[in-house]
Amino acid sequence: MNRFVIPLLAFAVVVAFLGVGLTLKPRELPSPLIGQPAPAFALPGLQPGARFDSAQMQGRAYLLNVWASWCAACLDEHPLINQLAQAGMRIVGLNYKDDAGDATAWLQRFGNPYAHIPVDRDGRVGIEFGVYGVPETYLIDARGVIRFKHTGPLNAEVVRRELLPLLGAMRRDGESS
Amino acid sequence: MIPELGHFALSLALLVALAQAALPLYGAFANLPAWIAVARPAALAQLLLVAVAFACLTAAFISGDFSVQYVADHSNSRLPLIYRIAGVWGGHEGSLLLWSLILAAWSGAVAAFTRHIPDRIAARILAVLALISIGFFLFMLLTSNPFERLFPAAADGRDLNPLLQDIGLAVHPPMLYAGYVGFSVAFAFAVAALLGGRLDAAWARWARPWTNLAWCFLTVGIALGSWWAYYELGWGGWWFWDPVENASFMPWLAGTALLHSLAATANRGAFKAWTVLLAVCAFSLSLLGAFLVRSGVLTSVHAFATDPARGLFILIFLGIVVGGSLALYAWRAPALASYIRFAPVSREMALLINNVLFGALCFAVLTGTLYPLVLDALTGAKISVGEPYFNFLFAVIGAPLALFMGAGALLRWKRDRAARALPKLLAPAAASLVVGFAWPLSMAQAYSVNAALGLSLGCWVVFSSLVTLIDRAGGGDRGGDRGGGGGARWRGLLRAPAAVYGMTVAHLGVGVFIIGVTFTNAYSIEKDLRLSSGEMAQVGGYAFRFDGVSAHRGPNYAAARGEFVAQRAAAGGEFQPGAGVALRPEKRTYLVQKNPMTEAAIDAGLTRDLYVALGEELERGAWSVRIYYKPFIRWIWLGALLMAAGGLVAATDKRYRRRAESATTDAIAADSVAADHVSPPPPGRPQPALG
């Protein structure tokens with residue numbers, strides 16, 4: 001084959017992906033973890049001396065938000081995470097493969113919505129949760145079961161369509177049980 | 001009325017561009033001088049019309065005409081004048097207009113300053129530029145009209161994004177666009193050569209100053225962006241591997257490879273097809289950047305308001321421009337392919353290594369930037385590829401690049417002996433190791449071997465570039481070392497072509513840049529502190545005193561301003577009253593958009609920056625405060641400016657402006673004789689810009 005055609009073919013592949021990228025709506029990934037108990041883990045916290053143990057969250061639903069200061073998409077969803085926290089949602093921010101100084105500065109700059117910040121420096125806990133990439137968000141209920149997972153930045157529509165109804169249903173369940 | 005005038009001028013510009021594309025292209029094909037002659041005046045007319053449209057939009061901004069949708073979205077009656085002008089390109093539509101204006105300006109410059117290029121070739125170049133203009137005019141007129149009216153008119157505007165209300169950002173986009181768009185000239189040269197089926201050393205010589213200039217603008221634009229991120233985003237970093245930063249960096253890498261490959265084409269007729277491909281790539285990556293930033297396929301901190309319809313338009317445009325030119329390349333390039341012999345130790349080989357490494361860097365950045373997108377398309381996962389990936393790859397590919405840069409420029413064309421070149425490099429190698437390993441001793445912190453290695457590399461680039469300059473000016477470029485005497489050497493230095501000086505300055509810039517990056521990475525100190533009024537803190541050998549926070553009011557924001565005094569920590573730790581430098585960081589809340597903004601206070605110096613940013617108020621009088629000590633961080637931007645200056649100097653080389661006939665023949669002839677070491681070589685070796 002004529003080697004001068006190669007750039008054209010490579011470009012065609014790139015354009016195909018860009019075209020698909022354009023039509024993509026952020027869609028939900030089926031996670032085998034949904035309906036399963038969340039992996040238990042204990043990690044040091046971001047503040048010096050702090051520790052986080054997933055057992056301490058038993059009894060109340062919370063969001064586990066996987067984030068990092070180097071992640072541009074995290075900044076994208078951050079205002080929404082802040083809003084959720086202000087609305088009273090308990091949010092645990094798993095700081096994923098990040099530098100403590102960068103992470104602290106990032107939170108100071110953009111606001112800290114997290115009740116706890118376990119630090120997953122080597123990504124070990126991320127592997128147990130099956131983290132594809134940053135950001136990811138899990139909803140874990142009072143019994144420690146994963147009820148919902150979102151890959152990529154949260155947006156208002158996902159929150160309205162999926163997260164809030166789920167939370168409402170869980171609250172009703174909680175009252176009846 | 002004025003906005004309608006602008007709209008009308010824009011529509012007329014589209015018509016002129018259509019004429020500028022169609023007539024000369026056919027004229028050059030059928031050899032009709034009258035049709036060919038349309039190109040230059042049409043390009044100037046197009047420039048005039050776009051300038052009128054741009055002036056109309058600027059007038060609407062200055063007068064605060066909030067009946068124009070775009071003005072209402074990006075301005076406000078309380079916005080200071082300078083940002084009202086910068087606001088013209090503060091959003092999607094206006095930045096497209098700026099892009100078109102700059103494209104028209106480059107076209108006009110090509111029309112005016114290429115009298116030494118045969119009309120038929122210049123006509124093809126201008127026609128290709130007009131084809132690109134048509135795309136942008138259609139983009140604006142069909143999907144993103146900046147002159148769209150708003151009924152009823154808004155009472156006041158929504159204000160310019162506060163992040164953009166900054167002098168760095170007012171200048172950054174025009175510079176960056178001048179670079180992006182400048183590569184369209186190199187692209188047009190390449191496509192014109194493919195269309196004409198003729199590509200020789202003269203062609204490369206004509207293309208070089210344009211490529212150099214575009215590259216200079218892009219270098220300055222990227223450096224400004226980095227500087228802005230450093231002081232305005234309040235993170236204290238200078239590069240974040242954000243998709244938008246990568247979008248500007250990829251054309252830079254391809255453009256840098258192009259500069260070097262053009263050197264081989266201009267002097268030896270080597271790498272012809274490859275040079276054309278790089279010219280296509282540099283501009284394609286500029287367009288790809290525009291697509292990534294505006295279509296919303298990638299999330300980024302500074303993506304423009306995104307819209308899939310716009311994304312589709314750019315994608316189609318990208319497909320036509322890049323797909324078309326690559327198809328043309330596949331069809332015509334086989335005829336251009338050059339088979340030039342050169343020895344394993346030769347300047348051609350050095351340039352080849354340069355191109356391979358730059359190609360690898362560019363591919364690495366492209367992969368890292370597009371990987372999230374590809375993964376999204378395949379699996380639906382949305383992720384960010386982080387800093388660790390890019391930093392690792394840059395260390396792995398960049399270090400050999402710097403090593404080869406020092407040695408490569410010293411080599412002669414066609415064939416050189418390692419036994420000649422290596423002894424000349426011993427002194428700079430030894431000196432750079434000594435300086436590199438001694439320099440970290442001057443720092444107060446613990447000795448870092450990594451820093452010593454990085455500094456040695458930076459010094460190596462600096463010293464070997466100086467040795468190369470002396471060698472090439474002193475006759476080392478010739479057949480033998482006969483011009484070695486001291487006096488002859490100095491005279492040679494004075495007579496050395498601008499391109500050699502340009503290359504030296506740019507390569508020195510790379511060395512300065514490496515030194516800056518090494519120091520900043522190894523020895524920065526970043527402290528997050530809680531300080532009450534009157535408290536002191538020690539960071540990086542400096543003492544900082546916090547004197548509380550007061551309220552201030554700007555034209556369109558309210559601010560809390562902190563008062564700090566910093567001075568070198570004395571031996572006893574005593575604070576000298578009256579001495580030291582005042583630092584006043586602010587936390588601003590812009591009145592219209594309500595975003596809080598951090599304005600860091602920076603005391604800049606050649607060997608260190610002191611950086612203070614105000615965090616949150618904790619309790620009465622106590623604030624969270626970030627204090628950074630950033631050694632040699634200025635050298636990063638200084639290095640970039642030196643690179644750009646080098647490119648500029650090289651662009652002035654007189655040999656690039658010679659007329660067609662003589663240039664072609666004598667370059668080829670001279671090259672073939674120079675190899676035999678018989679007669680004097682061609683007047684010099686243009687060899688601009690950095691690695």
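The values are calculated or read from the model by the stated rules, or taken from the named source; none is laboratory data. From a predicted model like this one, the values you see are computed outputs, not experimental measurements. Ideal geometry is used to build each Cβ from the backbone, glycine not excepted, and the neighbour counts take in all protein chains shown.
Which one is modelled with the highest pLDDT, of the residues in region B:304-334 that are over 21 Å from B:V185 (Cβ atoms) and more than 9 Å from chain A (Cβ to nearest Cβ)? Among those that are over 21 Å from B:V185 (Cβ atoms) and more than 9 Å from chain A (Cβ to nearest Cβ), it is B:I316.
Among all residues of region B:188-196, there is at least one that is more than 14 Å from chain A (Cβ to nearest Cβ), of a type outside the set (S, T, N, Q), assigned to a helix (DSSP H, G or I) and surrounded by fewer than 24 Cβ atoms within 10 Å (Cβ to Cβ). Scanning region B:224-279 for residues that are in contact with a Leu (Cβ under 7 Å, 6 or more places away or on another chain) and of a type in the set (F, W, Y) yields a count of 2. Scanning region A:66-93 for residues that are more than 14 Å from chain B (Cβ to nearest Cβ), within 20 Å of A:V145 (Cα to Cα) and under 12 Å from the mean Cα position of the chain (by Cα) yields A:I91, A:V92, A:G93. Of the residues in region B:142-159, not one is assigned to a helix (DSSP H, G or I) and under 26 Å from the mean Cα position of the chain (by Cα). Considering only residues that are modelled with pLDDT under 85 and not in a strand (DSSP E or B), look in region B:601-642 and name the one that is farthest from B:G516 (Cα to Cα). If we take residues in region B:601-642 being modelled with pLDDT under 85 and not in a strand (DSSP E or B), then B:R620 is farthest from B:G516 (Cα to Cα). The condition of being in contact with a Lys or Arg (Cβ under 9 Å, 6 or more places away or on another chain) and farther than 25 Å from B:L610 by Cβ holds for only one of B:G197, B:G182, that being B:G197. Residues of region A:118-148 that are within 14 Å of chain B (Cβ to nearest Cβ), touching a helix residue (DSSP H, G or I) at 6+ places or on another chain (Cβ under 8 Å) and assigned to a loop (DSSP other than H, G, I, E, B): A:Y132, A:G133, A:V134, A:P135. Any residue in region A:23-35 that is modelled with pLDDT under 80, in a helix (DSSP H, G or I) and either more than 7 Å from chain B (Cβ to nearest Cβ) or over 30 Å from A:R171 (Cα atoms) (or both)? Within region A:23-35, one or more residues are modelled with pLDDT under 80, in a helix (DSSP H, G or I) and either more than 7 Å from chain B (Cβ to nearest Cβ) or over 30 Å from A:R171 (Cα atoms) (or both).
Pick from region A:97-146 the residues that are modelled with pLDDT of 85 or more and hydroxyl-bearing (S, T, Y): which of them is surrounded by the most Cβ atoms within 10 Å (Cβ to Cβ)? Across region A:97-146, the extreme among qualifying residues is A:T137.
From the set of residues in region B:533-567 that are farther than 30 Å from B:A444 by Cβ and of a type in the set (S, T, Y), which is surrounded by the most Cβ atoms within 10 Å (Cβ to Cβ)? Step by step, filter region B:533-567, then rank; the result is B:Y557.
Do we have B:L426 as within 27 Å of the chain's Cα centre (by Cα) and modelled with pLDDT of 85 or more here? Spell out how you get there, then give the answer.
Values: within 27 Å of the chain's Cα centre (by Cα): no; modelled with pLDDT of 85 or more: yes.
Here the answer is no, as B:L426 does not meet what is asked.
If you go through region B:508-532 and pick out every residue that is crowded, with 21+ Cβ neighbours inside 10 Å and part of a strand (DSSP E or B), you end up with 1.
Counting only helices (runs of 4 or more DSSP H) wholly contained in region B:2-96, the ones carrying 1 or more residues that are more than 26 Å from B:L287 (Cβ to Cβ) and without any contact (Cβ under 8 Å) to a residue 40 or more places away in the chain occupy B:2-30, B:33-36, B:39-62, B:81-86. Among residues that are within 14 Å of another protein chain (Cβ to nearest Cβ) and touching a strand residue (DSSP E or B) at 6+ places or on another chain (Cβ under 8 Å), A:Y96 is included.
Checking each residue in region B:643-658 for being touching a His at 6+ places or on another chain (Cβ under 9 Å) and outside any helix (DSSP H, G or I) picks out only B:R658.
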